[in-house]
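Rule-based calculations on the coordinates, nothing more; no lab input. All values derive from a computational prediction rather than experimental measurement. Cβ sites come from the backbone with ideal geometry, for glycine too, and all protein chains shown count toward neighbours.
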Amino acid sequence: MNKVMKRTYSYAFLLPAAVIYLIIFILPTIMSFFFSLTRWTLFDWEFIGFDNFVTFFQEASLSIGFKNTFIYAVVTCLLKVVIGLLLGVLLTSKIRTRGYLRSVVFFPTLVSTIAVGIAFSMMMHPTLGLINKALEAIGIPAVDWLGNPDLALFSVALTDVWKGVGFATVIYIAGIMSIPEQYYEALQIDGGNAFQKFRHIIVPLSRSATNTVIIFAFIGGLRSFDLIWSMTRGGPGYATDVIASIIYKQYQAGFYGLATAGNVILFVFVALLAFPLNYFLTRKEVDL
Amino acid sequence: MSRSMKRLSLEAAAVILSILIFWIPLYFVLVNALKDAPGASELTISWPSTVHLWSNLKEVVIANDYMLLRAFYNSTLLTILSIVLMVMVCAMAGFIMHRRSDRLTPVIGFFVLAGLIIPPAIVPTIWVLDNLQLFKTMTGIVLVEVALGFPFGVILFRNFMGGIPREIDEAAIIDGCGGFRLFFRIILPLLKPVTATMIVTSSVSIFNDFVNPLYFFPGSENVTVQLTLYNFMSQYTTQYNLLFMNILVITVPLLILFLFFNNKIVSGMTAGSVKG
């Protein structure tokens, strides 16, 4: 790169972004490794080694977060991929209500997560809720969606899918529309049916859309906090507590060292799952 | 069954399902926002016997000493300031990240990617803001929004830069244009489409942000719209009609935005994420 280029594309352009990003994001991330090893009050700290991590793994109310976070991320991610793909296929086909359906599926993406959480927790009310009344009307006994510890996490996950599937669908629509017409023509000449089209053209060739949806939904699921907080606050008991909600609880209680240890654990958890996943997925991607 | 019948029934099924799954929750919020307190606490979707639109709206606005108005002011200011700053820093950084390649390029790329994946460290961020005297200030929360939105934004701008031919730069450089003039007079105007996309998508995410204000912008003076929802919910009593009215009031601005910028929002979401 010559001198003129270097002067023209000066790193001075990068400076404002770098300063903000390094100070507000990278510095705290690095400091979190240190503060997770302390008992900390923001003004004063005391080094206690790995005690915070030991507490996190030993106490049942904290370690349940790992399991819940993982289940939540996997369930929401899988449902978004499957439903998003099917909706993507439906909404790229030649149906007349396509425009309307696209808008409808997409609008929850714009509604505030907290508002969605509150509205759905009302609809999932065990005795008064709309969902149970509808079920009873067709003869299915009422379900305690958010009060049953075995079920609550899945109820929240379903709400998450309701809100987030529009994003997955949009990605799939873009992916499916970028498949060249020739593939469909070849299929037609060979006399393939609709299912073969789905199985042998759409699914493999919208692979990069699938990868995008998986990565975004999975990472988003692992970091998820606001929906869970607005629907159950981690309850009943600790049944829906995920790492992010535990961090908030410890922060509120003033255990800053412990909260920061939670952050480090979440960081490691996300990195250990997301980087290999990303590698595994993109390795198999095909070019159109 | 003939092909067109099949298609028609599929279409009808899709429309009915869309009403059941997507319209009923919205309708549920709407009708209950119009009811009186005892009516709304039954949580049904029947039409209210008397419509309380104005009285509910008034009560929501004046609650907690006009908290909602303060919240709207704070959220709007936060959204505008964050977006202005974010567009500037992301456009400049995206310009350099696309045009320049040397030993630092992969390092920068790695840091940006890390920002998309790593969850922010909450308490250490508070500690940093506090040491800079920025904790609980508008400046502080704006910087947080910009820092956390930067990775996505810069990727958006970098990708868009790929569509602007290098020949434009070269012509300008030969004519004696320096870097700053090149960027501000020639490149920045060409970035208008992606800037519009960024403005629309970021305003949705920042206006709807709950977590960052919760952590980094606490205090009753600093309330943002998402936190006003907790005005009408307490451990013991919930004023359902007002709660639903509040949901409606803070949702409507974005639904209006959606009506106008539907395509921009959708293209923004796909722009950064799909190859090809």
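For region A:24-46, enumerate the residues that are more than 26 Å from the chain's Cα centre (by Cα) and either facing chain B (nearest Cβ under 7 Å) or assigned to a strand (DSSP E or B) (or both). Correct list: A:F35, A:T38, A:R39, A:W40, A:L42, A:W45, A:E46. For region B:222-264, the tally of residues that are surrounded by fewer than 19 Cβ atoms within 10 Å (Cβ to Cβ) and part of a loop (DSSP other than H, G, I, E, B) stands at 4. When the helices (runs of 4 or more DSSP H) confined to region B:1-92 are screened for residues that are within 14 Å of another protein chain (Cβ to nearest Cβ) and more than 27 Å from A:P126 (Cα to Cα), those reaching at least 2 such residues are found at B:3-18.
Would you call A:A157 buried (at least 16 other Cβ atoms within 10 Å of the Cβ) and more than 14 Å from chain B (Cβ to nearest Cβ)? Judged against the criteria, A:A157 is a match.
Filtered by the rule that a residue be small (G, A, S) and either surrounded by 13 or more Cβ atoms within 10 Å (Cβ to Cβ) or in contact (Cβ under 8 Å) with a residue 12 or more places away in the chain (or both), region B:1-38 gives B:A14, B:S18, B:A33, B:A37. In summary, helices (runs of 4 or more DSSP H) completely within region A:176-288 and bearing 3 or more residues that are touching a helix residue (DSSP H, G or I) at 6+ places or on another chain (Cβ under 7 Å), of a type in the set (S, T, N, Q) and in contact (Cβ under 8 Å) with a residue 40 or more places away in the chain occur at A:207-223, A:256-283.
Among the residues of region A:275-284, are any among the aliphatic types (A, V, I, L, M), over 15 Å from the mean Cα position of the chain (by Cα), within 21 Å of A:G164 (Cβ to Cβ) and surrounded by fewer than 20 Cβ atoms within 10 Å (Cβ to Cβ)? Looking for residues that are among the aliphatic types (A, V, I, L, M), over 15 Å from the mean Cα position of the chain (by Cα), within 21 Å of A:G164 (Cβ to Cβ) and surrounded by fewer than 20 Cβ atoms within 10 Å (Cβ to Cβ), one finds at least one in region A:275-284, hence yes.
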